[in-house]
Amino acid sequence: MFQQDYIVRQVQQLAEVLAQVLLNKQAAEVDDGQDVLANGLRRVLGLELSALRTLSRDDLVARFIPDGALTVDTAVALAELLQEDAEDAGRRRALWLYEAALALGAPVPFSIRERIAALREALG
(Lines give C-alpha, C1' and ligand atoms only; values in the text may rest on other atoms or scores of the structure.)
Protein backbone atom coordinates (compact mmCIF):
# COMPACT_ATOMS: atom_id res chain seq x y z
CA MET A 1 0.00 0.00 0.00
CA PHE A 2 2.73 2.46 0.98
CA GLN A 3 4.72 1.67 -2.18
CA GLN A 4 1.63 2.21 -4.34
CA ASP A 5 1.00 5.61 -2.72
CA TYR A 6 4.63 6.55 -3.30
CA ILE A 7 4.44 5.55 -6.98
CA VAL A 8 1.18 7.46 -7.51
CA ARG A 9 2.71 10.55 -5.92
CA GLN A 10 5.84 10.19 -8.05
CA VAL A 11 3.81 9.84 -11.25
CA GLN A 12 1.79 12.94 -10.33
CA GLN A 13 4.97 14.92 -9.74
CA LEU A 14 6.43 13.77 -13.07
CA ALA A 15 3.19 14.79 -14.79
CA GLU A 16 3.49 18.26 -13.26
CA VAL A 17 7.05 18.56 -14.54
CA LEU A 18 5.90 17.43 -18.00
CA ALA A 19 3.17 20.09 -18.02
CA GLN A 20 5.75 22.77 -17.20
CA VAL A 21 8.11 21.50 -19.93
CA LEU A 22 5.31 21.51 -22.50
CA LEU A 23 4.23 25.02 -21.51
CA ASN A 24 7.77 26.27 -22.03
CA LYS A 25 7.99 24.42 -25.34
CA GLN A 26 4.71 25.93 -26.51
CA ALA A 27 6.02 29.38 -25.57
CA ALA A 28 9.17 28.66 -27.63
CA GLU A 29 11.27 28.72 -24.46
CA VAL A 30 13.10 25.48 -25.18
CA ASP A 31 16.09 26.26 -22.98
CA ASP A 32 13.80 27.02 -20.05
CA GLY A 33 11.95 23.77 -20.74
CA GLN A 34 15.20 21.82 -20.59
CA ASP A 35 16.04 23.48 -17.28
CA VAL A 36 12.59 22.55 -15.95
CA LEU A 37 13.13 18.98 -17.17
CA ALA A 38 16.54 18.68 -15.51
CA ASN A 39 15.41 20.30 -12.26
CA GLY A 40 12.22 18.23 -12.13
CA LEU A 41 14.09 14.96 -12.58
CA ARG A 42 16.53 15.97 -9.88
CA ARG A 43 13.71 16.93 -7.50
CA VAL A 44 11.36 13.99 -8.14
CA LEU A 45 13.79 11.15 -8.84
CA GLY A 46 17.00 12.48 -7.31
CA LEU A 47 18.74 11.89 -10.62
CA GLU A 48 20.65 14.21 -12.90
CA LEU A 49 19.45 14.36 -16.51
CA SER A 50 23.04 13.99 -17.72
CA ALA A 51 23.43 10.79 -15.67
CA LEU A 52 20.12 9.44 -16.90
CA ARG A 53 21.24 9.97 -20.50
CA THR A 54 24.24 7.70 -19.91
CA LEU A 55 22.41 4.69 -18.46
CA SER A 56 22.50 1.56 -20.58
CA ARG A 57 19.20 0.02 -21.64
CA ASP A 58 19.51 -2.76 -19.05
CA ASP A 59 20.44 -0.37 -16.23
CA LEU A 60 17.61 2.00 -17.13
CA VAL A 61 14.97 -0.73 -17.18
CA ALA A 62 16.32 -2.33 -13.99
CA ARG A 63 16.21 1.02 -12.22
CA PHE A 64 12.74 2.13 -13.30
CA ILE A 65 10.88 -1.16 -13.75
CA PRO A 66 12.45 -3.30 -11.00
CA ASP A 67 9.18 -4.79 -9.79
CA GLY A 68 7.66 -5.39 -13.19
CA ALA A 69 4.13 -4.16 -13.78
CA LEU A 70 3.93 -2.32 -10.46
CA THR A 71 6.30 0.41 -11.58
CA VAL A 72 5.30 0.71 -15.24
CA ASP A 73 3.38 3.91 -14.48
CA THR A 74 6.55 5.61 -13.26
CA ALA A 75 8.53 4.33 -16.26
CA VAL A 76 5.91 5.60 -18.72
CA ALA A 77 5.72 8.97 -16.96
CA LEU A 78 9.50 9.24 -17.14
CA ALA A 79 9.45 8.21 -20.82
CA GLU A 80 6.94 10.96 -21.54
CA LEU A 81 9.30 13.46 -19.93
CA LEU A 82 12.38 12.14 -21.73
CA GLN A 83 10.51 12.28 -25.02
CA GLU A 84 10.72 16.07 -24.61
CA ASP A 85 14.49 16.05 -24.07
CA ALA A 86 16.44 18.13 -26.58
CA GLU A 87 19.12 15.44 -26.69
CA ASP A 88 18.81 12.22 -28.70
CA ALA A 89 20.24 10.32 -25.72
CA GLY A 90 17.25 11.28 -23.58
CA ARG A 91 14.73 10.49 -26.31
CA ARG A 92 16.42 7.12 -26.91
CA ARG A 93 15.93 6.27 -23.24
CA ALA A 94 12.27 7.26 -23.55
CA LEU A 95 12.01 4.74 -26.38
CA TRP A 96 13.64 2.03 -24.25
CA LEU A 97 11.25 2.68 -21.36
CA TYR A 98 8.20 2.61 -23.63
CA GLU A 99 9.37 -0.66 -25.19
CA ALA A 100 10.04 -2.25 -21.80
CA ALA A 101 6.66 -1.17 -20.45
CA LEU A 102 4.87 -2.55 -23.51
CA ALA A 103 6.78 -5.83 -23.32
CA LEU A 104 5.56 -6.43 -19.75
CA GLY A 105 1.97 -6.58 -20.90
CA ALA A 106 0.93 -4.17 -18.16
CA PRO A 107 -1.66 -1.46 -18.79
CA VAL A 108 -0.05 1.28 -20.87
CA PRO A 109 -1.37 4.34 -22.73
CA PHE A 110 -3.27 3.51 -25.92
CA SER A 111 -0.90 5.66 -27.94
CA ILE A 112 2.27 3.91 -26.79
CA ARG A 113 2.82 2.16 -30.13
CA GLU A 114 2.55 5.48 -31.96
CA ARG A 115 4.99 7.06 -29.50
CA ILE A 116 7.44 4.21 -30.06
CA ALA A 117 7.12 4.49 -33.85
CA ALA A 118 7.62 8.26 -33.76
CA LEU A 119 10.71 7.95 -31.58
CA ARG A 120 12.19 5.20 -33.76
CA GLU A 121 11.67 7.36 -36.83
CA ALA A 122 13.13 10.47 -35.19
CA LEU A 123 16.15 8.62 -33.87
CA GLY A 124 16.81 6.71 -37.06
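The values are calculated or read from the model by the stated rules, or taken from the named source; none is laboratory data. Predicted, not measured: the structure shown is a model, and the values here were computed from it. Every residue, glycine among them, receives a Cβ derived from its backbone with ideal geometry; neighbour counts consider all protein chains shown. In case anyone asks, the SASA skips ligands and DNA or RNA and just uses the protein heavy atoms, side chains included. Shrake-Rupley method; radii C 1.70, N 1.55, O 1.52, S 1.80 Å.
For a quick check of your reading of the model, give me the residue pairs whose first member lies in segment 38-50 and is on the phi > 0 side of the Ramachandran plot, whose second is modelled with pLDDT of 90 or more, with beta-carbon atoms closer than 9 Å and at least 6 apart or on different chains.
none
Would you please list the contacts, defined by Cβ atoms under 6 Å and residues six or more apart or on different chains, that run from a residue in segment 100-124 that is in contact (Cβ under 8 Å) with a residue 24 or more places away in the chain and part of a helix (DSSP H, G or I) to a residue that is open to solvent by less than 30 Å² (accessible area, probe 1.4 Å) and not hydroxyl-bearing (Ser, Thr, Tyr)?
So the pair list comes out as Ala100/Ile65; Ala101/Val72; Ala101/Ala75; Ala101/Val76; Leu119/Leu95.
Is one or more of the residues making up segment 90-105 over 15 Å from the mean Cα position of the chain (by Cα) and at pLDDT below 90?
Within segment 90-105, one or more residues are over 15 Å from the mean Cα position of the chain (by Cα) and at pLDDT below 90.
Given the conditions (1) outside any loop (DSSP other than H, G, I, E, B); (2) closer than 20 Å to Ile112 by Cα, which single one is not true for Asp85?
That leaves (1) as the condition not met.
Considering each residue of segment 61-91, count those that are within 21 Å of Asp32 (Cα to Cα) and of a type in the set (D, E, K, R), and give that number.
Residues that pass the stated criteria total 6.
Tell me which residues, restricted to segment 38-72, are open to solvent by less than 20 Å² (accessible area, probe 1.4 Å), modelled with pLDDT under 90 and part of a helix (DSSP H, G or I).
Val44, Phe64, Gly68, Thr71, Val72
For segment 10-33, enumerate the residues that are farther than 21 Å from Val72 by Cα, in contact with a helix residue (DSSP H, G or I) (Cβ under 8 Å, 6 or more places away or on another chain) and of a type outside the set (A, V, I, L, M).
Gln20, Asn24, Lys25, Asp32, Gly33
Does Leu22 meet the test of being open to solvent by 50 Å² or more (accessible area, probe 1.4 Å), of a type outside the set (Asp, Glu) and in contact (Cβ under 8 Å) with a residue 60 or more places away in the chain?
So Leu22 fits the description; yes.
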